[in-house]
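Remarks on the structure that follows.
The values are calculated or read from the model by the stated rules, or taken from the named source; none is laboratory data. Predicted model, so just to flag it, every value in this text is computed and none were measured. As a convention, Cβ positions derive from the backbone with ideal geometry for all residues, glycine included, and neighbour counts pool all protein chains shown. Side chains are part of the model used for accessible areas, which takes the heavy atoms of the whole protein and leaves out ligands, DNA and RNA. Shrake-Rupley method; radii C 1.70, N 1.55, O 1.52, S 1.80 Å.
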Amino acid sequence: MKVGLYGGSFNPIHNGHIALAEAFLRQAELDEVWFMVSPQNPLKANARLLDDKIRFKMVQKVLKHKRNLIACDYEFHLPKPSYTWDTLQRLSNDFPQHQFTLLIGSDNWTAFDRWYHHEDILQNYKIVIYPRLGDEIDKNELPDSVSLLNAEFINISSTEIRERIANGKSIDHLVPAEIAVEVTNAYSHQS
């Protein structure tokens, strides 16, 4: 099975995440996309990051009826800090029947040469980059194992959602309907 790995804090998950995952699924010709919910890094405490289990449950709820989009808490069970290389190695060991493709933002690609075992990732896994404003990528300069996602820029961010909640503004058009109240309540109580 061809599996795309879409890692992130999903703090909270929003409509842009879903649209991006669906584009990734189609364009990379994948069987599934796993939303790899990243755990809180104890070295980088962030008061604005909801508890791991709460974020994961929201992702599960949103993806429950989405075909081929899977909520995944795999990294919750790995030693911290969790490096992408280590996650990929463990996944490949635990699921040898799967081929994994990594989805990263263009901001991560511009810093990719500083990633732990970045050369090994490039040699052993496909990478798909989704464009972000301000991070222009020349597809002609990419290694053979790396491609660009052809997707419209999605102007939604988890930061914007948290700020809108803090300012008493609606987020209904930014997050899936089934979690809108839950997200508002969770982040309202966090302030």
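Computed values, structure above
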item	result
Some residue of segment 89-106 being modelled with pLDDT under 95, closer than 24 Å to I154 by Cα and in a helix (DSSP H, G or I)	yes
Residue in segment 83-96 that is surrounded by 14 or more Cβ atoms within 10 Å (Cβ to Cβ), within 19 Å of V37 (Cβ to Cβ) and touching a Ser or Thr at 6+ places or on another chain (Cβ under 7 Å) present	no
When residues of segment 123-134 are limited to those that are within 19 Å of L30 (Cβ to Cβ) and modelled with pLDDT of 95 or more, the one surrounded by the fewest Cβ atoms within 10 Å (Cβ to Cβ)	N124
Sole exception among (1) surrounded by 15 or more Cβ atoms within 10 Å (Cβ to Cβ); (2) farther than 18 Å from L174 by Cα; (3) among the charged types (D, E, K, R) for K80, by number	(1)
Of all residues making up segment 8-25, the number that are under 8 Å from the mean Cα position of the chain (by Cα) and either at pLDDT 95 or above or part of a helix (DSSP H, G or I) (or both)	2
Leading residue by the ranking (nearest to the chain's Cα centre (by Cα)) among those in segment 136-154 that are modelled with pLDDT of 90 or more and of a type in the set (G, A, S)	S147
Flag if V37 is under 23 Å from S106 (Cα atoms) and touching a strand residue (DSSP E or B) at 6+ places or on another chain (Cβ under 6 Å)	no
Test result for R114, free of Cβ contacts under 8 Å to residues at least 12 places away in the same chain and either among the basic types (K, R) or within 25 Å of T184 (Cα to Cα) (or both)	yes
Within segment 97-107, tally of residues that are buried (at least 17 other Cβ atoms within 10 Å of the Cβ) and under 17 Å from K2 (Cα atoms)	5
Residues being assigned to a helix (DSSP H, G or I), without any contact (Cβ under 8 Å) to a residue 12 or more places away in the chain and open to solvent by 50 Å² or more (accessible area, probe 1.4 Å) - total across segment 135-181	8
Flag for K66 being in a loop (DSSP other than H, G, I, E, B), in contact (Cβ under 8 Å) with a residue 40 or more places away in the chain and surrounded by fewer than 16 Cβ atoms within 10 Å (Cβ to Cβ)	no
Residue check for I127: over 22 Å from N11 (Cα atoms), touching a residue at least 24 places away in the same chain (Cβ under 8 Å) and in a helix (DSSP H, G or I)	no
